[in-house]
Amino acid sequence: MRFSLFPRKKFKNVTEITPEVLRELGAELLLLDVDNTIAPYKTLTLEKSVTDWAEGLKRAGVTLFIVSNNKGERPEVFASLLGIPYIKRAGKPSPRGVREALARTGTAPEKTALSGDQIYTDTIAANLAGVHMLLVEPIKFTNPFLAIRYFLELPFRREKRKKRSA
């Protein structure tokens, strides 16, 4: 429950987060961001690789739960496609939505990980809530303002790489 801009681990995409990675962390619950984490912006479909990945995690005993800042239909659509619960308007970087998911599942923060693509929302919310932050690279750059935001996040993305390789 500390303010930090650094994720616990970094991955190229969400499908690299395996049951083994989660077991290493002691995580039984994986909270998922939607936009640019499991699907590009403005789409209402999931790649087969993402649905297969989610099914594999569920078979391995991992609980999945969407925690999104999105106000529209996307969190509900993707939750329905994956057969998992969701929270929209989560308010990240506030830890409120993360804590609500923990309360709804009855899972302790130390047994929870959050996967998202942004430092200034997902990472801060995860760290403030005391859950493991698993940063993924954004799927697709479609918005110039987000591209600027991702550029401003580079020092925190690069710093973690240096620490991991040491």
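What follows draws every value from the coordinates through simple rules; no lab data is involved. Note that this is a predicted model, so its numbers are computed, not measured. Positions of Cβ are backbone-derived with ideal geometry, glycine not excepted, and every protein chain shown enters the neighbour counts.
Quick look at the numbers
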{"quantity": "Cα-based shape type of region 1-55, given that a ≥ b ≥ c are square roots of the gyration tensor eigenvalues and the cut on a/c is 1.5", "calculated": "oblate"}
{"quantity": "Per-q log10 I(q)/I(0), the chain, q = 0.11, 0.15, 0.20 Å⁻¹ (Debye; single scatterer per alpha-carbon; no solvent)", "calculated": "-0.38, -0.75, -1.44"}
{"quantity": "Contour minus Cα-Cα distance for residue 58 and residue 151 (0.36 nm per residue)", "calculated": "30.1 nm"}
{"quantity": "Given 48/71; 9/71; 10/42; 9/111; 88/140, the pairs whose alpha carbons are separated by over 18 Å", "calculated": "48/71; 9/71; 10/42; 88/140"}
{"quantity": "For region 119-130, 3J(HN,Hα) per residue [Karplus equation, 6.51 cos²θ - 1.76 cosθ + 1.60, θ = phi - 60°, Hz, x = Gly/Pro]", "calculated": "6, 6, 10, 4, 5, 4, 4, 4, 5, 5, 7, x"}
{"quantity": "Span-rule helices in the chain, defined as complete DSSP H runs reaching 18 Å or more along the axis (Cα) with Kyte mean at least -1.0", "calculated": "144-165"}
{"quantity": "By average C-beta atoms within 10 angstrom, highest first, the peptides 148-154, 64-70", "calculated": "64-70, 148-154"}
{"quantity": "Relative contact order of the chain, pairs being alpha-carbon contacts under 8 Å that are 6 or more residues apart, as %", "calculated": "33 percent"}
{"quantity": "Potential lengthening between residue 89 and residue 28 on full extension [0.36 nm per residue; Cα-Cα distance subtracted]", "calculated": "19.6 nm"}
{"quantity": "Highest-first arrangement of 130-139, 47-56, where packing means the average Cβ count within 10 Å", "calculated": "130-139, 47-56"}
{"quantity": "Among 114-120, 73-79, the order from most to least packed when residues are scored by Cβ within 10 Å on average", "calculated": "114-120, 73-79"}
